[in-house]
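Just below is one structure, and these are the notes that go with it.
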Amino acid sequence: MDAADIAAGRERWQQRYDAARKRDADFTTLSGMPVEPVYGPADTDGYADFERIGWPGEFPYTRGLYPTGYRGRTWTIRQFAGFGNAQQTNERYKMILAAGGGGLSVAFDMPTLMGRDSDEPQSLGEVGHCGVAIDSAADMEVLFDGIDLQQTTTSMTISGPAVPIFVMYLVAAERQGADISKLDGTLQTDIFKEYIAQKEWLFEPEPHLRLIGDLMEYCAAEIPKYKPLSVSGYHIREAGSTAAQELAYTLADGFGYVELGLSRGLDVNTFAPGLSFFFDAHVDFFEEIAKFRAARRIWARHLRDDYGATSEKALWLKFHTQTAGVSLTAQQPVNNVVRTAVEALAAILGGTNSLHTNALDETLALPTDESAEIALRTQQVLMEETGVTNVADPLGGSWYLEALTDRIEAEAEEIFTRIRDLGHDGSMTSGILRGIEDGWFTANIAEAAFVYQQALEKGEKRIVGVNVHTGTVAKDLEILRVSHEVEIEQKRALIARKQDRDPVRVREALAGLVEVSRTTGNMIPAMIEAARAEATLGEICEALKGEWGIYREPARF
């Protein structure tokens, strides 16, 4: 790009920056030195391929979605939390919000993640242990008691039974008196990554995609601010993938959901802004920043060139980041505070829209109040003290970072080609489904994890406290333990709730849901009626399993 083009680009950016809202804040260094909102080449200099880097707020969004960077608004502090019953988690949420958290992120227990009620035999010993137990809309009411859902953005990390959980959230909001059309938040819903990495599914892929398509239609028409899909790379990375695999598999899944929306006759400019993403922030600082920057660039280009998106918001890749749980160590766990801070800083410099920081004890148990507060304060120290919010994409133009961004992008494009080649019609969806069926994704992730583990055991890769610097004076941590009484009480409350509801209304609502499932109609309204009748999560899922069966992963050796 020649000097004239660079000067013209800077002028375009300046006009958009001047027109945008900025925070009332001190944008100087600790010593009081003023800093510019963005830095780039001098207007008198040329810069080869600068169009791939560009200016913040301009296609291809390598440097961020907004001309102001974090001067306009900072990232949302969205701490992932959930344990025990709804009442206990409600108390933690109120603590997070009172301490400065900007939104909520719900962690569910394993029975809920698998679409089971707390009183089912398979739930024994798991109720409330890795998240909060939710059995029906009444639990959702307690979970958000005293929290205005119309004013609070809420993310829910669940995929297999995501749609039944979502309608229970809607019913809880209704019972608060909220205007449903004004709700704002994110539902994970990403079933592709379940088959690829996390393994929490209910049905075969096609019925899951049917439900996701229905949800996309419903939200586009009824709840325009709500994001019905958060395409997740986090679990792919936690399963052992490389950064490039995480990026490529996640964006491929996103393209698959774009194809799903288009197959429903939806306008890509209408539904694509409702897709968000969820990435891992691992401990290799520059690789992670490059990954995030490449993600925005790839998404914008493919949405425009392959799927015909023309509106700016349809080209935007918005993403939430969570620091890497897999990087936490049980050995010398206080070191995890340092790892988490480094990972959070990488996410911020990569332009994340919201962020969760892991607690130091999460490799051992759910976080205590104290460790949860430290995790929250980690973000607040970065936001308030370090100056990282003053300049948009401050590392843009770094020779190393730009080369790494290009390298990760090129690897991702090679993976896209291989995925498309797996399918029968050249679509991303066809390739993903074939890759799931053949175990292609799982095998590639397993190989990457094996290569890393070998390097770790040989000492080529080092982890402080694990295979280097293992001496310590640290004492054992006090960890949070969920009492067995939680499960007993949750079952007792569920039994009482079933006895108090109208059984005829429940049966009729579930029968109506099954009836709609046999047509091409949208299933969301019928599922809402079931939730209003206080049908349980397990009952809704079992009714659909009776129609669609369940999915069992083929054995592979």
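The values are calculated or read from the model by the stated rules, or taken from the named source; none is laboratory data. What you are looking at is a predicted structure, and each value in this text was computed from that prediction instead of being measured. Heads up, the Cβs are rebuilt from the backbone with ideal geometry, glycines too, and the neighbour counts pull from every protein chain shown. Please note that ligands, DNA and RNA were not included when accessible areas were found on the heavy atoms of the full protein model with its side chains. Shrake-Rupley method; radii C 1.70, N 1.55, O 1.52, S 1.80 Å.
Summary of values
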| item | result |
| --- | --- |
| Residue satisfying condition, being modelled with pLDDT of 95 or more and farther than 19 Å from Leu211 by Cβ, within set Ala99, Ala81, Ala107, Ala173 | Ala173 |
| Any chance Ala403 is farther than 30 Å from Ser483 by Cα, assigned to a helix (DSSP H, G or I), over 20 Å from the mean Cα position of the chain (by Cα) and not β-branched (Val, Ile, Thr) | yes |
| Where a residue in the stretch 83-102 is under 16 Å from Thr378 (Cα atoms) and its partner, wherever it lies, is at pLDDT 90 or above and surrounded by fewer than 16 Cβ atoms within 10 Å (Cβ to Cβ), with Cβ under 7 Å and at least six apart | Gly100/Gln380 |
| Cβ pairs under 8 Å, 6+ apart, first in the stretch 235-253 and closer than 14 Å to Glu287 by Cα, second assigned to a loop (DSSP other than H, G, I, E, B) and not charged (D, E, K, R) | Arg237/His282; Arg237/Ala324; Ala243/His282; Glu246/Gly233; Leu247/Gly233 |
| Pairs with Cβ under 7 Å, 6+ apart, first in the stretch 458-484 and within 19 Å of Arg339 (Cα to Cα) and among the hydrophobic types (A, V, I, L, M, F, W, C), second open to solvent by 60 Å² or more (accessible area, probe 1.4 Å) and assigned to a loop (DSSP other than H, G, I, E, B) | Val466/Gln331; Val468/Arg462; Ala474/Val334; Leu477/Leu364 |
| Of residues in the stretch 514-533 being open to solvent by 20 Å² or more (accessible area, probe 1.4 Å), in contact with a helix residue (DSSP H, G or I) (Cβ under 8 Å, 6 or more places away or on another chain) and outside any helix (DSSP H, G or I), the one farthest from Glu437 (Cα to Cα) | Asn522 |
| Enumeration of residues in the stretch 289-327 that are of a type in the set (A, V, I, L, M), in contact with a strand residue (DSSP E or B) (Cβ under 8 Å, 6 or more places away or on another chain) and within 23 Å of Ala410 (Cβ to Cβ) | Ala295, Leu317 |
| Residues of the stretch 21-65 satisfying the condition of being farther than 20 Å from Ser398 by Cα and either surrounded by 15 or more Cβ atoms within 10 Å (Cβ to Cβ) or charged (D, E, K, R) (or both) | Arg21, Lys22, Arg23, Asp24, Asp26, Phe27 |
